[in-house]
Amino acid sequence: MASKKNIALFDFDGTLTTKDTLLEFIKFYRGTAVFYAGFLILSPIMVLFKAKLLANWKAKEFMLRYFLGNHDHATFQAACDEFARTKIPALLRPEALARLREHQAQGDAVVIVSASPENWIRLFSDSLSVELIATRLEVAGNKITGRLCGKNCFGPEKAERIRAQFNLTDYDQISAYGDSRGDREMLALSNRAYYRRFS
């Protein structure tokens, strides 16, 4: 009988990092003045979201359209890559990165699963040689539209996309690391769930 394998699933924002990289990227890309002015304008949307009267994905699309809508895709992606190179390393939790590398050293498959767009995580995940499942942004006419391409990779969608990409019955040990309600369904897939901890 073939030997079983192990897989480790890591949330990105707040788990591997200390801050939400979507917000940090917007500050980096648009500047802090535009960031804070924008959130003042978007505050009614945020109130509806906090009151659970607006779905997570819809609130995210409002924000993405405001800050990123109609931006040139190549220019945007260059900024994403620069953010990944220069900003993400300082946002990483050393203990989280150490745990990820421990899984790699054991020969486990490692996957980053994030609700943030894949655009600024891809360079980082590739540098670690780990797989990435993340939210995708719609591009039309070489422009970022500000809309999502497919579903927001949050909550149940995280679990759906993991199951679509991996046959979890092939794995003896499934470890999952998360820090928020958006990770609950992913954590439920595992037989070793780590919520806001790494051991």
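Just a few scattered comments:
- Identity of the residue in the range 184-199, touching a Leu at 6+ places or on another chain (Cβ under 9 Å) and part of a helix (DSSP H, G or I), that ends up nearest to residue 163 (Cα to Cα): 186
- Listed by first and then second residue, the pairs linking a residue in the range 50-78 that is at positive phi to a residue that is surrounded by 14 or more Cβ atoms within 10 Å (Cβ to Cβ), with Cβ atoms under 6 Å apart and 6 or more places separating them unless they lie on different chains, are 70/143.
Here is a yes/no grid of residues against (1) farther than 30 Å from residue 174 by Cβ; (2) surrounded by 18 or more Cβ atoms within 10 Å (Cβ to Cβ):
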residue	(1), (2)
15	no, yes
22	no, yes
53	yes, no
56	no, no
73	yes, no
82	yes, no
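- So residue 69, is it small (Gly, Ala, Ser) and touching a Gly at 6+ places or on another chain (Cβ under 6 Å): yes
Only the coordinates and a few stated rules stand behind these numbers; no lab work does. Bear in mind the structure is a predicted one, so any value in this text is a computation, not a measurement. Heads up, the Cβs are rebuilt from the backbone with ideal geometry, glycines too, and the neighbour counts pull from every protein chain shown.
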